[in-house]
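Encoded as structure tokens, the structure appears first; notes follow it.
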Amino acid sequence: MAGGNDERRILSRRRRGTDRGSTLPVPQRTPLAVTPPTPRTRTAIAVSPHLDDAVFSAGGVLALLARTGWQVQVITCFTATVAAPCPFALSTQLDKGLPADVDYMALRRAEDRAAQRHLGALLPTHLPLPEAPHRGYDSAPRLFQPPHREDTAETDLRLLLGPHLAEADIVLAPQGIGDHVDHVLTARAVAAAAGHARIGWWRDLPYAARTSMPDAGPRDGIAEGTSEVTVDIGTVLAEKSAAVRCYTTQLGFQFGGSERAAAGLSAMARSEAARAGAPYTHGESLRAGPAARQLLKNYAQEATG
């Protein structure tokens with residue numbers, strides 16, 4: 001009976017609102033915080049024939065992209081070490097003062113990794129294809145002749161580059177000025193793997209500076225439907241110069257030394273800006289498809305704004 005009376009008293013208090021359990025506050029619903037979507041990081045891939053070309057020709061653009069928050073990566077096509085090089089291939093190492101037993105390409109791959117750090121780029125990708133002297137181009141003149149029919153490098157590059165380029169917002173690649181066979185094959189492979197709209201074709205340096213035609217353009221119609229865009233690189237000359245100096249095995253041959261390399265590339269950038277009639281002093285020019293051109297214009301505004 002006592003237990004029954006207790007239950008009746010509890011029920012009575014609950015009806016009158018005097019039971020402690022009835023005084024607990026009713027939780028208020030708090031609106032869920034809506035987190036705005038994070039903008040997707042844009043990606044730029046530069047496809048370099050050799051371990052220096054992208055930095056020499058478009059290092060300023062790459063540094064600017066990295067500075068504005070892009071993910072930037074350089075993929076170099078011809079970087080393989082060859083155990084028993086032919087005499088001409090070996091001569092390209094010996095004439096730089098390196099003994100025959102040194103892994104020349106390993107040195108150059110290390111130089112490239114150091115250079116990319118100065119640009120703010122991701123760790124580079126080095127594809128396992130041999131340079132032209134290891135593919136039957138056995139003299140300096142042959143390096144600048146049309147590709148051999150039996151050379152499978154273009155087909156190999158298409159297969160290797162496809163997965164890397166599939167998701168890139170913009171792809172940078174050489175126009176092929178100077179007609180070096182590795183540059184020509186790289187340009188063809190990129191055109192096939194990426195499509196023209198999102199490619200920016202750089203002017204191959206130092207070849208573009210050496211040609212008797214300062215307005216020399218891309219070879220084999222690779223840049224159909226493109227127009228030229230010149231980017232102000234004045235604010236990143238220091239980064240580009242530091243990256244260029246990393247290629248110590250190449251600077252004597254290409255420019256006559258480290259200091260001359262920095263000065264020479266700065267002079268080329270001034271020449272490019274003047275050639276384009278740009279309102280700034282240092283530029284890098286590219287032939288760009290519609291999507292690439294718009295992205296380059298937008299990020300240039302971000303970098304200078």
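Scanning segment 105-141 for residues that are outside any helix (DSSP H, G or I) and polar (S, T, N, Q) turns up T125, S139. Can you find, within segment 69-81, the residue that is modelled with the lowest pLDDT among those that are surrounded by 16 or more Cβ atoms within 10 Å (Cβ to Cβ) and part of a loop (DSSP other than H, G, I, E, B)? Among residues in segment 69-81 that are surrounded by 16 or more Cβ atoms within 10 Å (Cβ to Cβ) and part of a loop (DSSP other than H, G, I, E, B), the one modelled with the lowest pLDDT is W70. Residues in segment 83-93 that are crowded, with 16+ Cβ neighbours inside 10 Å and either in a loop (DSSP other than H, G, I, E, B) or in contact with a His (Cβ under 7 Å, 6 or more places away or on another chain) (or both): P85, A89.
Regarding D156, is this residue modelled with pLDDT of 95 or more, of a type in the set (D, E, K, R) and part of a loop (DSSP other than H, G, I, E, B)? Spelling it out, it is not the case that D156 is modelled with pLDDT of 95 or more, of a type in the set (D, E, K, R) and part of a loop (DSSP other than H, G, I, E, B). The single condition among (1) part of a loop (DSSP other than H, G, I, E, B); (2) over 16 Å from T186 (Cα atoms); (3) touching a helix residue (DSSP H, G or I) at 6+ places or on another chain (Cβ under 7 Å) that H50 does not meet is (2).
Checked against the criterion of being closer than 14 Å to D53 by Cα, within 18 Å of the chain's Cα centre (by Cα) and of a type in the set (G, A, S), segment 109-118 has at least one qualifying residue. Looking across segment 119-137 at every residue that is surrounded by fewer than 19 Cβ atoms within 10 Å (Cβ to Cβ) and under 15 Å from P49 (Cα atoms), the one that is nearest to the chain's Cα centre (by Cα) is identified as T125.
Where strands (runs of 3 or more DSSP E) fall wholly inside segment 196-305, no range has 3 or more residues that are at pLDDT below 90 and over 19 Å from W70 (Cβ atoms).
If you check A173, A187, which single one turns out to be touching a Pro at 6+ places or on another chain (Cβ under 6 Å), buried (at least 16 other Cβ atoms within 10 Å of the Cβ), at pLDDT 90 or above and among the small types (G, A, S)? Exactly one residue qualifies, and that residue is A187. The residues listed here are D156, D169; of these, the one that is under 28 Å from K297 (Cα atoms) and of a type in the set (D, E) is D169.
The values are calculated or read from the model by the stated rules, or taken from the named source; none is laboratory data. Just so it is clear, the structure is predicted and the values come from calculations on it, not from any experiment. Glycine also receives a Cβ, built like all others from the backbone with ideal geometry; neighbour counts cover every protein chain displayed.
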